[in-house]
Amino acid sequence: LDMGTLPEAQFEKGAWSAPAEENGTPCRKALAGKSSSVRIKAWWKDGELRPAKGDVFVFEVKYKDVLSKPAQFLVRGGVGWRFGFSPLHQFGGANDGHWKTACIPAPWDMLARMVSSVDPAQHAPEMTAFAIAAGADLPVASVSVRKAVPADETRFYAETRALIAAEQAEARAKNPPPAVKDPPALNVPIAAFPWEPGRRRDMGMNKAMST
């Protein structure tokens with residue numbers, strides 16, 4: 001799906017720029033502070049709300065990294081508030097101006113057709129949708145969908161660990177732990193409690209429920 005040539009009606013109004021060009025690459029920009037959604041045709045079996053059980057797909061997003069903070073990628077998952085969008089992964093944040101491709105896994109149970117008995121504007125059973133939420137206007141050249149391969153799982157967990165480590169490092173820098181002048185002295189032996197009250201209560205409840 002080339003963002004520069006995709007029909008205007010498929011873009012959320014007011015959330016995307018007009019077709020543009022960045023360094024010779026056609027694109028649209030997901031506007032800052034928006035949850036910029038795009039409707040796309042559901043690619044799985046007609047009449048089925050979701051893809052086949054167990055299927056995993058990958059959204060490949062070609063974007064220009066102009067972000068100081070990672071963007072969020074969301075899909076129409078049929079869960080949550082009014083069966084709306086659910087976040088899947090974050091990408092970008094190096095702010096180096098390079099074109100990159102983010103690979104975002106999407107399992108079958110996080111994808112759904114656009115069906116709504118509450119809002120007629122959100123009822124389009126032949127379509128599904130994704131969205132991008134970014135802190136700066138984000139150039140996006142294209143988005144494609146493919147079946148996942150084993151390497152996608154490895155990459156996803158590596159990227160997730162890196163994102164968490166970066167957030168924790170930033171939090172520690174902003175909120176350093178207070179200095180301890182005199183560490184407390186432990187003058188008594190340390191021993192485990194002979195029993196765990198909470199666990200015993202849980203066991204009692206489970207026994208009661210089983211009878």
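Output the residue which, of all residues in the stretch 16-43 that are touching a residue at least 40 places away in the same chain (Cβ under 8 Å) and part of a loop (DSSP other than H, G, I, E, B), is farthest from the chain's Cα centre (by Cα).
23
Scanning the stretch 35-57 for residues that are touching a strand residue (DSSP E or B) at 6+ places or on another chain (Cβ under 7 Å), surrounded by fewer than 19 Cβ atoms within 10 Å (Cβ to Cβ) and not polar (S, T, N, Q) returns 40, 41, 43, 56.
If you go through the stretch 1-27 and keep only what is open to solvent by 40 Å² or more (accessible area, probe 1.4 Å) and β-branched (Val, Ile, Thr), you end up with just 5. Is it true that some residue in the stretch 83-99 is part of a loop (DSSP other than H, G, I, E, B), in contact (Cβ under 8 Å) with a residue 12 or more places away in the chain, aromatic (Phe, Trp, Tyr) and open to solvent by 70 Å² or more (accessible area, probe 1.4 Å)? No: the stretch 83-99 contains no residue that is part of a loop (DSSP other than H, G, I, E, B), in contact (Cβ under 8 Å) with a residue 12 or more places away in the chain, aromatic (Phe, Trp, Tyr) and open to solvent by 70 Å² or more (accessible area, probe 1.4 Å). Would you confirm whether any residue within the stretch 61-81 is open to solvent by less than 10 Å² (accessible area, probe 1.4 Å), within 19 Å of residue 100 (Cα to Cα) and touching a helix residue (DSSP H, G or I) at 6+ places or on another chain (Cβ under 7 Å)? No, every residue in the stretch 61-81 fails to be open to solvent by less than 10 Å² (accessible area, probe 1.4 Å), within 19 Å of residue 100 (Cα to Cα) and touching a helix residue (DSSP H, G or I) at 6+ places or on another chain (Cβ under 7 Å). For residue 131, the conditions (1) open to solvent by less than 60 Å² (accessible area, probe 1.4 Å); (2) part of a loop (DSSP other than H, G, I, E, B); (3) small (Gly, Ala, Ser) all hold with the exception of (2).
Exactly one residue out of 120, 107, 150, 139 is touching a residue at least 12 places away in the same chain (Cβ under 8 Å) and over 23 Å from residue 20 (Cβ atoms): that is 107. Among the criteria (1) within 14 Å of the chain's Cα centre (by Cα); (2) closer than 19 Å to residue 145 by Cβ, the one residue 70 does not fulfil is (2).
Looking across the stretch 103-118, just one residue is open to solvent by 60 Å² or more (accessible area, probe 1.4 Å) and among the charged types (D, E, K, R), and that is 109.
The values are calculated or read from the model by the stated rules, or taken from the named source; none is laboratory data. What you see is a predicted model, and the numbers here were worked out from it, not measured in a lab. FYI the Cβ positions are ideal-geometry reconstructions off the backbone, even for glycines, and counts take in every protein chain you see. What goes into the accessible areas is simple: the full protein's heavy atoms, side chains included, and nothing from ligands, DNA or RNA. Shrake-Rupley method; radii C 1.70, N 1.55, O 1.52, S 1.80 Å.
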